[in-house]
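*Asks:* Quick one: structure below, then a few questions.
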Amino acid sequence: SLYEATREVAAGNFDLKLKPSSADEIGALTGSFEAMSRKIVGLIDEKMKQVHLEQEVQIASTIQQTLFPPPQFTDEFVRIESYYKSAAQCGGDWWSHFRVGDKVCVMIADATGHGMPSALITAAARSCFSVLNKLAQDNPNFSYSPVEMLSFANRVIHEAAHGKIMMTFFVATLDFSKGKLVYSSAGHNPPWLFKKGSQKWTMKSLTAVGQRLGETPDNTAYEEHELDLAEGDILFLYTDGLTEGKNLAGEMYGKKRVKKIMEEAVQQGPYESIQRVTREFMNHNGEKPLDDDVTLAVIEMYPNGRARAEDSIAQFSSGVDQVQTETASAIDQGNAANPFTLQAPSLSEGDRS
C-alpha cells in the first residue's frame, strides 16, 4: 500500500515497485510516488559514481605530488627552492632535477591544459627522465646534451599523447667540472640567469628555438646554447601560469612584475626569492581559483663556495679512478684464478722452427 511505501522510503529504501490500485487521486499519487522513488534511486547512483570518481582523482593528485622533487634541496653544487600549485586537482606542470657526479640536470615542463589528461603526460615525462637518469648513472659515456635529451623526450610524449597533447620543455645541464651551463628549449618560457656584477645583478633570458614536445614523432631541430657559470649565479625557472595569471579585473600578472621582484630578492637567495614571488602573485590572484598551474624553481650555483665544489669534484674523480682500477684488478685476478681461462701455449725452440 501507499502507506507502507512511505514507511519504506522513510527507512531509506527507495527501490519500490508500486501498482496503482485505482484510477482516482490515490492511484495517481501512487504512480507519482513510484516515479519519484525511481528518480531518487537514479540520483543516488549518480552521486555515488561522482564520489567514486572524485576519490580516484584525489588519489591521482596524491600520486602526482610524488612526481616532483622536494621543495628544498642543497648540496655542494646547488641550493634549490621550488614551488608548485595546481589550478585543478591534477596539473600539467612538472619540474625536476638529477645529479650524476659533477653534473646536475634541471628541467621544467608545461603540458597543454590541466587536469587528468595533462597529468598523465607529466607522468610520461617524469618516467622518461628517470630512465635518462639511470642511463647516466650506468654509462660513463652518457651524453648530457640537452638536444639529445629533448629528442628522446619528444618521442616519448608523442607516443603517449598521439599528438593530441603537447608539452613545452626546458632542460639544462650544469657542468660543474667545466663551469658551464648548456641548455635547450622546446617552446618553453625562457628561464632567467642572474649574475652578480661589481655593482648590480644582471639578468640574461635563456632563449632557444625548438618545437613543443609531441607535435611530431621525430624532431631533433632544437638549439643548444652554452654559458659560463660563476659562484652565486642564480637560475630562475617558471611556467606561464605565473606570468599569465589574471586577477579579478582580468589583468595579467606579467613578466615585468616578476622581473622587478626577482631583481630585488635575488641577492637574498633562493628562499626569499620564492617567498616574495609567490606571495605577491597570490595577492594579485586574489580569492579566485588559479587560471593555470604555477611552478617555480630558483637554483643557486656553488652555495658553499666554488672551492668546496671543486674539492668534491676531485674526490669524485679519484673515486671513479679507484673503482676502475679495482675492477680491472679483480678481472685480472679472476682470470688468473680460473683454471678454464684460455691461454696461448708456450712454444719451445723446436716448435718455433
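*Asks:* Could you pull out the residue among 298, 294 that is open to solvent by less than 10 Å² (accessible area, probe 1.4 Å) and closer than 22 Å to residue 229 by Cα?
*Replies:* Of 298, 294, the one residue that is open to solvent by less than 10 Å² (accessible area, probe 1.4 Å) and closer than 22 Å to residue 229 by Cα is 298.
*Asks:* Filter segment 256-277 down to the residues that are in contact with a Lys or Arg (Cβ under 8 Å, 6 or more places away or on another chain) and among the hydroxyl-bearing types (Ser, Thr, Tyr) and list them by number.
*Replies:* Listed by number, the list is empty, since nothing qualifies.
*Asks:* Given (1) assigned to a helix (DSSP H, G or I); (2) out of contact with any Ser or Thr (no Cβ under 7 Å at 6 or more places or on another chain), identify the lone condition not met by residue 151.
*Replies:* Result: residue 151 fails condition (2) only.
Table: residues versus (1) touching a Pro at 6+ places or on another chain (Cβ under 9 Å); (2) open to solvent by 60 Å² or more (accessible area, probe 1.4 Å); (3) of a type in the set (S, T, N, Q).
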position: 162; (1), (2), (3): no, yes, no
position: 170; (1), (2), (3): yes, no, no
position: 174; (1), (2), (3): no, no, no
position: 187; (1), (2), (3): no, no, no
position: 222; (1), (2), (3): yes, no, no
position: 229; (1), (2), (3): no, no, no
position: 236; (1), (2), (3): yes, no, no
position: 240; (1), (2), (3): no, no, no
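*Asks:* Sticking with this one: Hey, can you tell me all the residues within segment 84-130 that are open to solvent by 10 Å² or more (accessible area, probe 1.4 Å), modelled with pLDDT under 95 and among the acidic types (Asp, Glu)?
*Replies:* Within segment 84-130, just 102 meets the criteria.
*Asks:* When you go through (1) part of a loop (DSSP other than H, G, I, E, B); (2) touching a residue at least 60 places away in the same chain (Cβ under 8 Å) one by one for residue 173, which number turns out not to apply?
*Replies:* Every condition holds for residue 173 apart from (1).
*Asks:* May I ask you to list the residues in segment 253-277 that are exposed (fewer than 14 other Cβ atoms within 10 Å of the Cβ) and without any contact (Cβ under 8 Å) to a residue 12 or more places away in the chain?
*Replies:* Correct list: 256, 260, 268.
*Asks:* Can you work out which of the residues in segment 195-211 that are in contact with a Gly (Cβ under 9 Å, 6 or more places away or on another chain) and in contact (Cβ under 8 Å) with a residue 60 or more places away in the chain is surrounded by the fewest Cβ atoms within 10 Å (Cβ to Cβ)?
*Replies:* 196
*Asks:* Next up: Of all the residues that make up segment 176-192, how many are free of Cβ contacts under 8 Å to residues at least 40 places away in the same chain, outside any strand (DSSP E or B) and touching a Leu at 6+ places or on another chain (Cβ under 6 Å)? Before you say what the answer is, go through the steps one by one.
*Replies:* Just the residues of segment 176-192 that are free of Cβ contacts under 8 Å to residues at least 40 places away in the same chain, to begin with: 178, 185-187, 190.
Remaining after also requiring outside any strand (DSSP E or B): 178, 190.
Add one more test, that the residue is touching a Leu at 6+ places or on another chain (Cβ under 6 Å), and what stays is 190.
The total comes to 1.
The values are calculated or read from the model by the stated rules, or taken from the named source; none is laboratory data. No experiment lies behind these values; they were computed from the predicted model shown. Positions of Cβ are generated from backbone atoms using ideal geometry, with glycine treated the same way; all protein chains shown enter the neighbour counts. Just so you know, the surface numbers come from the protein's heavy atoms only, side chains and all, with ligands and any DNA or RNA stripped out. Shrake-Rupley method; radii C 1.70, N 1.55, O 1.52, S 1.80 Å.
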